[in-house]
Every structure is written in structure tokens, then in C-alpha cells.
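Below is one structure; the comments refer to it alone.
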Amino acid sequence: MRAVDLIRKKRNGGALSGQEISFLIEGNIRGQVPDYQMAAFLMAVYNRGMSTEETTALTGAMVSCGRNLELGSLQGVKIDKHSTGGVGDKTQLILAPLMAAMGLKVPSIAGKGLGHTGGTIDKISSIPGFRTDLRLEDLMECLKTAGFFINEQTDEINPADKKLYAMRDATATVESIPLIAASIMSKKLSEGLDALVLDVKTGSGALTRGLEGARALAELMVGIGNSMGVMTIALITDMDAPLGRSVGNALELKECISALKGSYAPDLMEVTMTLAAWMLHLADAVSEETRPQRLGENLLKRYKDEIWDYIEHGDAFAKLLECIDAQHGNPDAVLNPSLLPAARHIKPVLSPWNGYITRMDAFAVGQASALLGAGRSRMDEGIDPAAGIIIGKKPGDSVKADTPFATLHTNDPSRLKEAEEVLLSGIEIGDKEPPRRKLIHDVILPG
Ligand code: URA
């Protein structure tokens, strides 16, 4: 077999066999297929797509390249949630400790942010000392002591995604449904899970902007997860406006600390509670060996009080502290968030008119935040953990001319002007209060 022939086959619209896909993935990890050929392969997939069988084979080949967690000996249902990424999308830092406090095990392999989207790894790494490159044996210890961990792909665990994700960013092939599906599902299938809740975003700040693309991605990943023995469902949730009141790494972490103490922006509360309820419902379905059900409004009624107890009584926050300790971070920074990185330059952004915010484009907000230093345009770039945006007024809120609706945070004042322009380009102000956005668009259950 030769890589060049397989690239040509995909470039010409052919379907690759499982063996051919494994040849490319394993060959690249072993150094036998050079990165320039992998880059060409990624572009061929981006242009020609992949069948469900090919995407499943790609996922399997990526999982096989690394060591995977074996969690059979641990008590409790093993469950995770993974989002396709967005702006201000911080739910994982609330859900993982919350679910761990409720007795579940949450082994979470997450990613760094890319371009305009944020990444869980960058957010948690705002905590001084926190390590996200732990080895499998250490991660097992974290699960035993804290009930969850947040780690990235390493040379040991899913090295294929570690390489391909960086390469996709540099070759403009991130927004490919089969490549997103294989990237996410290979991480999740390395985790030794019983169940998985996917949060597939739709809207301007999502990788799949349109609802149809989001649904296709959700159905593909739900199919792959269930076919590989992990009970998987997906929610399709809104990412047309940023989630919550902050965008940027330490700023979002601070918002999560407040949330774990019971203080939520309403949109963050709705999405987080819905994801939490689905995680508990799936954990029940695993324990009772039943199929997940579409419970509608009864879903939140069934689980909300219980979830809230674990937040109000401080159990979820205590779990976060245990995980920080297990992953070598400094818990003092979370007990006293003023010790987290903070920007030296803070600039209010003023509303140009009186009226209501009718649109806050998530893509523009994400771009503005990245310009301030919160994001990277290449995987090997550093970020400024303190940079980002605090959103004082959300869509639907009234604003007054010349009064602030957001503040920009950065350590590099030369970036403020452009970031402000980009942010303002994403804001629309109208005379009438706009209708409330729908946040949960759909739920995809196993077929
Ligand atoms: N999240 C991932 O882990 N991978 C992607 O490709 C996109 C979002």
C-alpha cells in the first residue's frame, strides 16, 4: 500500500477501506506517512467527505493508536459530555465536578481552543500548576480520588487526535463533519465510558453553523458511539450568541466557580441543567439496562432538585478542589479567584444607541476575544489566560447609548481597538425587545 494512492483515491471521491485508513493513521503516528501526506489526505476528506463506514473506521483507527482507559474495576457509571465547541461554552467545568459529586465517574479527555472557539484545556489551565498532560496511571488515581479528571490528548492517549487536530487547524480542514466526528469520538472512546452526552452546537459560533449540518454531525456521532458499545445521545444547542457572561479562559473559569456556588446567567443555567439531567438519565438507563427516553419537560422536573442540592451544599465545588489537587493545581486560586490571572488593561465598550440588543454574533465575540489574546490561530501559539470579554448585557437586554454593555480584558493594549471594532460589528440594536432565543433545538437518541 502507498499513501499517495490512497490520497488520490479519496481525492477522486472513492471510499477507503478500514485497512487503508489504518495504514494512513498508524503510518503517520509511526513516522512512515509524513505530515505533508496526512495534510493532503485531510484536504481530500474535507472536499470529498466520508461515508459512515469510513468515519467509523477512522475513529477506530485513531482509538487503536493509543492506550485507553480500562475502568471496569471502578464503582459508578462512567459518563462524559463533549461539546463540538463554541464561544463562552464552559459547561464542562461545571458538569464534571457536579456529576462526580453525584457519584458518577467522569474521565474527560478534552481539547485546546482553536480560532474563535474556546477549549476546556485552556480554561482549566488558568489554574496555576494544573497539569493536563498526565499519564494513564495518574488519571486512574484522579478518578479514584476526585471522581473526574480533565486531561488533553497526549503521545500516550489518542496521539492520532493530538496530531490531526493541530494539522487540521493549519490546513483549514477543521470544519469537516467526518473529521470532527472522528476527533471527538476517538477521544471519548479512549475513556472507557458507559455513556456519553454530546452537545452539538449550531449557530454563528459553531463549527456546524446550520441546523442541518449540526443534526448530521449529531446523528453520525450518536451512531458511532452506540455501535461501539457506549450509550450515546446528542443535544443540539444554540451557539448563535455566546453562552453565559464571559468569554476567555480565566474569566470563564471564574464564571464556573460562581456557577458551582449557585450563581448562573439564565442561558448558562438552562444549557448546563439540561445536559446534567441527560447525564443522570443516561446513568440511570445504564444502571437499569434500559434505553434512554425522550422525557421532554419531565426530564428537568425529575432531576433538577437533586442537581441543585449538590450545588447548594457545596459538594460540586468541593469536587473541583479535589480534582485541582489531584492534577497538581493550586486550589487557593479557586478558593480566592482574585489569585487567577487578571488583565492589566480593561476597556468598557459603549452601546452606540438606545434600544435592545437583538443580536450578539457568537463568531464576532469569539474573534474579538481571540484578538485580545484568549485564542490562538495556530496550535503551537501561546495564549493569554487573562484575556477575554465580560458581557454585561445579553441579547434581549435593554441598553443606553454611551453606556457599557461589555468590557474587554487584555495584557496587550495594542489589540483593544481592533477587538472593539470586531465586537461592535457583531452587535445589533433594535427598538423592540426581541423574542427569547431557543437554546435547546433537538435531542438525537440512538436509532
Ligand atoms: N472538538 C473536538 O474534540 N474535535 C473537533 O474536531 C471539534 C471539536
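All of the numbers you see were taken from the coordinates with simple rules; none came from a lab. What you see is a predicted model, and the numbers here were worked out from it, not measured in a lab. Methodologically, a virtual Cβ is constructed for each residue, glycine included, from the backbone with ideal geometry; neighbour enumeration extends over all protein chains shown.
Brief remarks follow.
- Segment 27-185 shape via C-alpha gyration tensor axes, a/c threshold 1.5: prolate
- Within the chain, DSSP assigns beta bridges of which about 55% are antiparallel (rounded to the nearest 5).
- Fewest-first ordering of Ile127, Ile444 by other beta carbons within 10 Å of each residue's beta carbon gives Ile444, Ile127.
- Dipole in debye (nearest 20) - segment 216-338, about Cα centre, beta carbon charges: Lys, Arg +1; Asp, Glu -1: 120 debye
- Here the residues Arg30, Arg135, ranked from fewest to most Cβ neighbours within 10 Å of their Cβ, fall in the order Arg30, Arg135.
- Sequence-distant contacts, meaning Cα pairs under 8 Å at least 6 residues apart, place the relative contact order of the chain at 19 percent.
- Of Ile29, Ser425, Asn354, farthest towards positive along the dipole that unit charges on Lys, Arg, Asp, Glu beta carbons give the chain: Ser425
- Unsatisfied cross-links (Cα-Cα over 31 Å) in the set Lys81/Lys261; Lys188/Lys417; Lys400/Lys438; Lys10/Lys188; Lys112/Lys432: Lys188/Lys417; Lys112/Lys432
- Cα-centred dipole magnitude for segment 150-211, charges only on beta-carbon of K, R (+1) and D, E (-1), debye, nearest 20: 260 debye
- Residue-count net charge about Thr272 - beta-carbon cut-off 12 Å; Lys, Arg +1, Asp, Glu -1: -2
- Positive dipole terminus of segment 189-264, leading residue within Ser227, Gly203, Tyr264 (C-beta point charges): Tyr264
- Taking Lys and Arg as +1 and Asp and Glu as -1, the other residues whose beta-carbon sits under 11 Å from that of Leu198 total 0.
- Near Lys78: Cβ cut-off under 9 Å, other residues only, Lys/Arg at +1 and Asp/Glu at -1. The net charge is -2.
- Site pair Ser377 and Tyr36 shows an inter-label distance of 2.4 nm when each label is modelled 7 Å from Cα along Cα→Cβ.
- Rounded to the nearest 20, the Cβ-based charge dipole of segment 118-176 about its Cα centre (Lys and Arg +1, Asp and Glu -1) stands at 80 debye.
- Centre separation in Å (Cα based) which lies between segment 99-163 and segment 362-437: 27 Å
- Trypsin sites (Lys or Arg not before Pro) within segment 213-305, DSSP loop, no more than 10 other Cβ atoms inside 10 Å: Arg294
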